[in-house]
Amino acid sequence: MTSPHRILTLLAAGALALGLSACASTGDASASPTPTPAGTAEADAACTGSEGVTLTVDSSALKGGSSETWCIIGTGSVTISNALNFVGVSIEGTKQYGDQVVCRVNGLPSASEPVGSAQDPAYIEKCDAMPAAFAYWALWTKPVDGAWDYAQEGLSTLTAQPGESVELLFTLDGVPAAPAA
């Protein structure tokens, strides 16, 4: 005979599973779980037309930084976190906000050296909470034939369609203020 406690435990587990499945996002049916349907990327090249999504990571404001661009070729939407993983870019979030706030990209800014700010020459990014207003990563999006604007979503949910561009840009002391045209 099954005890009432065991029955309640099973019912609670079933209700929890049902509740969690109701909270799970079904997502956009056209969104691919991989960076692109074709699964290819061209380094050092922006996409032309609507062949794919242009992805740029620009840390050139930092000592040792650079700017890299890829064309993620495909015909469907691209989840930006997947695209970054696909091209080998590593992201570190903050302790307080996780990956919802980008703190380091490919190890920059350094965890042990000052960022190089004129506003606070001794400032070292610790990735505890929000980065300093004078030294931060910003996520930008640019629609087809549109202008650059701050992303309205974080890396884990942001998607882009072929012809669109996405840039992770490090701004130091207000420069650069936005991605290049």
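The values are calculated or read from the model by the stated rules, or taken from the named source; none is laboratory data. All figures in this text were calculated on a predicted structure; none of them were measured in a lab. Cβ: placed from backbone, ideal geometry, glycine included. Neighbour counts: every protein chain shown. Quick note on the areas: whole protein, heavy atoms, side chains included, nothing else; ligands and nucleic acids left out. Shrake-Rupley method; radii C 1.70, N 1.55, O 1.52, S 1.80 Å.
What shape does the range 34-94 take by its C-alpha gyration tensor, where a ≥ b ≥ c are the square roots of the eigenvalues and a/c under 1.5 counts as rounded, a/b above b/c as prolate, and the rest as oblate? Oblate, because a/c is 1.5 or more while a/b does not exceed b/c.
Accessible surface of Y136, taken over heavy atoms with a 1.4 Å probe and every protein chain present, rounds to 60 Å².
A cut-off under 13 angstrom between Cβ atoms defines the neighbours of A83, and their net charge, with Lys, Arg +1 and Asp, Glu -1, is -4.
In sequence order, the range 52-60 has phi-based couplings of x, 9, 8, 10, 10, 10, 10, 10, 5 Hz under the Karplus curve 6.51 cos²θ - 1.76 cosθ + 1.60, θ = phi - 60°, and Gly or Pro positions carry x.
Annotation: extensible slack from A111 through E153 equals 12.5 nm (criterion: 0.36 nm per residue apart, minus Cα-Cα distance). Modelled label positions at Q119 and S66, each set 7 Å beyond Cα in the direction of Cβ, lie 2.8 nm from each other.
Computed from backbone phi, the HN-Hα couplings of the range 145-153 come to 6, x, 10, 5, 8, 4, 5, 9, 9 Hz, rounded to whole numbers (Karplus: 6.51 cos²θ - 1.76 cosθ + 1.60, θ = phi - 60°; Gly and Pro given as x).
Here the range 131-177 and the range 44-106 have alpha carbon centers that stand 10 Å from each other.
FRET efficiency for the D99 to A177 pair, using the beta carbon distance and R₀ = 25 Å, is estimated at 0.55.
Kirkwood's formula applied to the C-alpha pairs of the range 39-181 gives a hydrodynamic radius of 15.3 angstrom. Amide H contacts of T40 (H built 1.01 Å from N, in plane; Pro and chain starts excluded): I73 sit under 5 Å, all sequence-distant by 5 or more or on other chains.
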